[in-house]
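Written below as structure tokens is the structure these notes are about.
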Amino acid sequence: MTAEENAAYDALPIIVTVYRGCDAGSQPGLCWSLKREVANRFPFLALYEAKKPKLITAYVRKSRILALKLDGEEEIIAFEVQVEKVEPAIR
């Protein structure tokens with residue numbers, strides 16, 4: 001992570017809300033976003049073409065976050081997320 005990303009990681013709360021857009025048949029993975037609107041777009045990208053697009057809202061302890069990338073997606077790479085809600089992703 002860059003110095004800016006390390007500073008952003010340090011500023012995160014102990015419990016972080018994260019989002020993941022994917023297909024209904026997919027399992028929650030390691031890559032999440034801090035931005036709901038960014039995650040909601042992923043199932044509609046040509047790369048993924050989800051048949052049943054869904055948006056997952058989850059919580060993760062800061063100590064279980066491996067990295068934070070501030071590349072526009074505000075990507076979080078995390079282990080042991082706790083899924084709170086699964087809903088359809090909306091175009």
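Values quoted throughout were computed directly from the atomic coordinates according to the rules given, and no laboratory measurement underlies them. What you see is a predicted model, and the numbers here were worked out from it, not measured in a lab. So basically every Cβ, Gly included, is an ideal-geometry build from the backbone, and we count neighbours across all protein chains shown.
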Taking Rh as the Kirkwood radius computed over alpha-carbon pairs of the chain and applying Stokes-Einstein at 25 °C with viscosity 0.890 mPa s, one gets a diffusion coefficient in µm² s⁻¹ of 186
Points 7 angstrom from Cα along the Cβ direction at ALA8 and PHE44: gap in nanometres?
2.3
Per-residue counts of other Cβ atoms within 10 Å, averaged by peptide: what ranking do you get for 26-33, 65-72, 8-15, 82-89, highest first?
26-33, 65-72, 82-89, 8-15
